[in-house]
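So the structure is just underneath, and the comments pick up after that.
The values are calculated or read from the model by the stated rules, or taken from the named source; none is laboratory data. Fair warning: this is a prediction, and the values are worked out from it, not measured in the lab. Heads up, the Cβs are rebuilt from the backbone with ideal geometry, glycines too, and the neighbour counts pull from every protein chain shown.
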Amino acid sequence: MVSHISPYNGNVEYKFTGEEAFVGAPLFEGAVEEEEEALKKKIKPPDEEDIIRLPRLFRFLQRPLAQFISVLRAPKSREGYASIGGGSPLRRITDAQAEELRNFLWEKNVPADVYVGMRYWHPFTEEAIEQIKRDGITKLVVLPLYPQFSISTSGSSLRLLESIFREDEYLVNMQHTVIPSWYQRKGYIKAMADLIEKELRNFDCLEQVMIFFSAHGVPLAYVEEAGDPYKAEMEECVDLIMEELETRKITNACTLAYQSRVGPVEWLKPYTDETIIELGQKGVKSLLAVPISFVSEHIETLEEIDVEYKELALKSGIKTWGRVPALGCEPTFISDLADAVIESLPYVGAMAVSNLEARQSLVPLGSVEELLAAYDSQRRELPPPVTMWEWGWTRSAETWNGRAAMLAVLVLLALEVTTGEGFLHQWGVLSSLR
């Protein structure tokens, strides 16, 4: 390969010889297309088993508990999916993004293949890897579709890849690199600012609109105990977008909150629903919601934001509501992702110079293992979002009530497991796990 590269200004030129190895750029998403269908097929729905971690003594109950909570959530999930037409468009949009990314790469003289792999729905990560092997790919760029890195999203996918690579003789020798996050890239920031500016024009009094960034939450313990960089990256991302808007003479007030919390645990605050109520009480009349951590439309944008939060906003005194669409296949965004892939190619198979450099660079500097060493060095099991068996006063009634509920569920599950009888066996939940 003969190459000339200027990573920070996008001036990239590649010339491929006839002996160039096949290059694949897999896109990894974490959501499930239809949670109810996942439950029917005994596929683990997202969140529960990753978020609710039991003490070691009760660890054997963790998967039944996750399945039990999924059963309880199924009616609400059905209702949510029904409100957006019966299913999520996530798979269709992700496939379209992959195709557009491939087109941009070829236009930029990089004839690479692009694969989609998901954690909780088809095509699973394992299926994508098998296809990569069948296609004879020997060089790989891993591109998570999460703009900001979190050990519970991108990190979870990288951990899975790490285990797959270690167990497969073909993959052990595959040269690869990872783009851990890309929230600070100019193309992404510009694309987000373009969408925000366009939606602001729909308001009668543009200057009075509050820009409301709503990001997917993560348990607070991930940030405070495991050193997850997600919160810091999210706040920096919002700052960069607002700086770009300021260059366009747009100086609206903004705020950031976190949505989609699950279970009786403490998540990153402020919460989106509570913040909306507070803004209404403070007299905010116009609100523009920006789904900052989502690049595709799915249940959390189409139902949670467009339906639940809009209704809450109007009830809270906000008169005018708007919502910025997810990036989808916006050309500036996809073209910039292609540039990110191209800029990463010199690092395929290279070693990271240092953990600090891996954190600060706009391009990746190493393999899956090296990136995990930089972002998730201990590789330990993620901490429980709250300390389970701690008596006395807690920081919130939510935590206390959650512990009581969790204890009741544990007792119920213990009886089910020991006696082999109960409504979970009647429903077929526990019997299916044997």
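What the table shows:
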{"item": "Residue among SER150, SER88 that alone is part of a loop (DSSP other than H, G, I, E, B), modelled with pLDDT under 80 and either surrounded by 19 or more Cβ atoms within 10 Å (Cβ to Cβ) or among the β-branched types (Val, Ile, Thr) (or both)", "result": "SER88"}
{"item": "Count of residues meeting criterion [among the polar types (S, T, N, Q) and surrounded by fewer than 17 Cβ atoms within 10 Å (Cβ to Cβ)] in segment 159-194", "result": "4"}
{"item": "Hits in segment 223-251 - residues which are in contact with a Ser or Thr (Cβ under 6 Å, 6 or more places away or on another chain) and of a type in the set (Ser, Thr, Tyr)", "result": "TYR230"}
{"item": "Residue in segment 130-140 that is closer than 25 Å to TYR375 by Cα and either at pLDDT below 90 or of a type in the set (Ser, Thr, Tyr) (or both) present", "result": "yes"}
{"item": "Segment 258-283 residues that are closer than 15 Å to GLU304 by Cα, paired with ones that are hydrophobic (A, V, I, L, M, F, W, C) and surrounded by fewer than 18 Cβ atoms within 10 Å (Cβ to Cβ) (beta carbon under 7 Å, 6 or more apart)", "result": "ASP273/LEU312; ILE276/LEU312"}
{"item": "Residue that is farthest from GLU199 (Cα to Cα) [pool: residues in segment 265-318 that are hydroxyl-bearing (Ser, Thr, Tyr) and in contact with a Phe, Trp or Tyr (Cβ under 8 Å, 6 or more places away or on another chain)]", "result": "TYR271"}
{"item": "Failed item in (1) part of a loop (DSSP other than H, G, I, E, B); (2) free of Cβ contacts under 8 Å to residues at least 24 places away in the same chain; (3) within 27 Å of GLU308 (Cα to Cα), with ASP204 passing the rest", "result": "(2)"}
{"item": "Segment 286-306 residues that are under 24 Å from ASP239 (Cα atoms), paired with ones that are aromatic (Phe, Trp, Tyr) and not in a strand (DSSP E or B) (beta carbon under 6 Å, 6 or more apart)", "result": "SER286/PHE203; THR301/PHE294"}
